[in-house]
Amino acid sequence: MAKLNFGGVEENVVTREEFPLHKAQEVLKDEIVAVIGYGVQGPGQALNQKDNGINVIVGQRKNSKSWDKAVADGFVPGETLFEIEEALQKGTIICYLLSDAAQIEYWPKVKQHLTPGKALYFSHGFGITFNERTGIIPPAEVDVFLVAPKGSGTSLRRMFLQDRGLNSSFAVYQDATGKARERVTALGIAIGSGYLFETDFKKEVFSDLAGERGTLMGAVQGIFAAQYDVLRKNGHSPSEAFNETVEELTQSLMPLVAENGMDWMYANCSTTAQRGALDWWKRFRDATSPLFEELYESVAKGDEAQRSIDSNSKHDYRENLEVELTELRESEMWRAGKTVRSLRPENN
């Protein structure tokens, strides 16, 4: 394992040079990796492993949209695609990639098939960290670990096909076989990670829940909406408001940040833009810091986990979700965005 300097702090990381794919294939050559769930993370992780020569099968409810998607993606019923319980029985490594709420529901069935020597793999620390709420307590005779890609399964797959990699965290919760670390590292490489950085289950879920509600999704939508509304109230057209709020950021500036960092992006913008950004960024930091502190406290107390469990376990969850997503989709800002996206040259 390499030690690299991140902003003055040394951290343990695993690179693909240090742990190449052929080494991962050797570690996993006698394993049957059962990917349980084919929703958000399942397709990307399963397909990347399949393309990397890993013996992977998928467990999914028959006659569901996800089952049909797995078939369309090349998994064969009775050969590499099975009902969940049959896949659980066959798998030596169980990749438990159902939603957090579904993990709670299916746990009694999963636990029955966790015989000594098997491994239980997560891509989120939720079920284990909040086990007093989820009831997910693995038997002592199995390895328990996680690999958490820092992005959606869709991004993981797209970057894999572009010969790139999405960074992932990894953690070992329980090492029953003495090989948990080797197994989890091999899986992290096999799913297409760019590099692996070490964490633990608690830190993974705390940072993940805070990030999703913060800059990754919740905060950025809130900031988009606030700026767009101010521009519209002051007479700017929907096209202008959307371009200045979202399109320029996502299509022009964020790629520059991804390429070489925020300072480099600033240096490649006009001096007027530089001056304004440098004058205002600390004010936005100071204005939002109390909200982020409140958010992290809510995560640490388990309030966010409980709200997710309560909401996502309801029988009408999907219907309620669609109502909220429709509100976003049908807002003027995102309807304007749909038109803006349609005008991109690559879409014509």
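The values are calculated or read from the model by the stated rules, or taken from the named source; none is laboratory data. Since this is a predicted model, take the numbers as computed values, not measurements. Counting neighbours? That spans all protein chains shown, and the Cβs are built from the backbone with ideal geometry, glycine included. These area figures cover heavy atoms from the full protein model, side chains too; ligands, DNA and RNA do not enter into them. Shrake-Rupley method; radii C 1.70, N 1.55, O 1.52, S 1.80 Å.
For this structure, a couple of remarks:
- Tally, over the stretch 207-227, of residues that are in contact (Cβ under 8 Å) with a residue 60 or more places away in the chain and crowded, with 16+ Cβ neighbours inside 10 Å: 7
- The set of residues in the stretch 189-221 that are assigned to a helix (DSSP H, G or I), closer than 21 Å to GLY127 by Cβ and over 15 Å from the mean Cα position of the chain (by Cα) contains only LYS202.
- Leading residue by the ranking (surrounded by the fewest Cβ atoms within 10 Å (Cβ to Cβ)) among those in the stretch 1-46 that are more than 30 Å from LEU81 (Cβ to Cβ) and among the polar types (S, T, N, Q): ASN5
- Residues of the stretch 318-342 that are in contact with a helix residue (DSSP H, G or I) (Cβ under 9 Å, 6 or more places away or on another chain) and either open to solvent by 60 Å² or more (accessible area, probe 1.4 Å) or among the basic types (Lys, Arg) (or both): ASN320, LEU328, ARG329, GLU332, TRP334, ARG335, LYS338, THR339, ARG341.
- Every test in (1) of a type in the set (Val, Ile, Thr); (2) touching a strand residue (DSSP E or B) at 6+ places or on another chain (Cβ under 8 Å); (3) more than 21 Å from ILE104 (Cα to Cα); (4) open to solvent by 10 Å² or more (accessible area, probe 1.4 Å) is passed by ILE191 save one, and that test is (4).
- Figure legend. Inter-residue proximity from the stretch 301-322: first residues over 22 Å from LYS202 (Cβ atoms) and touching a residue at least 12 places away in the same chain (Cβ under 8 Å), second residues of a type in the set (A, V, I, L, M) and surrounded by 12 or more Cβ atoms within 10 Å (Cβ to Cβ), beta-carbon distance below 8 Å, spacing 6+ or different chains. Indicated pairs: SER313/ALA101; SER313/ILE104; TYR317/ALA101.
- Among residues of the stretch 228-245 that are closer than 14 Å to VAL340 by Cα, those with a Cβ under 7 angstrom from a residue that is surrounded by fewer than 17 Cβ atoms within 10 Å (Cβ to Cβ) and of a type in the set (Asp, Glu), sequence gap 6+ or separate chain, pair up as PRO238/GLU332.
- Residues that are over 17 Å from MET254 (Cβ atoms), open to solvent by 80 Å² or more (accessible area, probe 1.4 Å) and either in contact with a Phe, Trp or Tyr (Cβ under 6 Å, 6 or more places away or on another chain) or not β-branched (Val, Ile, Thr) (or both) within the stretch 268-277 comprise just one, ARG275.
- Residue in the stretch 281-301 that is touching a Lys or Arg at 6+ places or on another chain (Cβ under 7 Å) and surrounded by 12 or more Cβ atoms within 10 Å (Cβ to Cβ) present: yes
- Selected residue (criterion: surrounded by the most Cβ atoms within 10 Å (Cβ to Cβ)) from residues of the stretch 48-72 that are closer than 20 Å to SER152 by Cβ and touching a helix residue (DSSP H, G or I) at 6+ places or on another chain (Cβ under 6 Å): VAL58
- A count restricted to the stretch 114-134 and to residues that are assigned to a loop (DSSP other than H, G, I, E, B), within 22 Å of GLN41 (Cα to Cα) and either free of Cβ contacts under 8 Å to residues at least 60 places away in the same chain or open to solvent by 40 Å² or more (accessible area, probe 1.4 Å) (or both) stands at 2.
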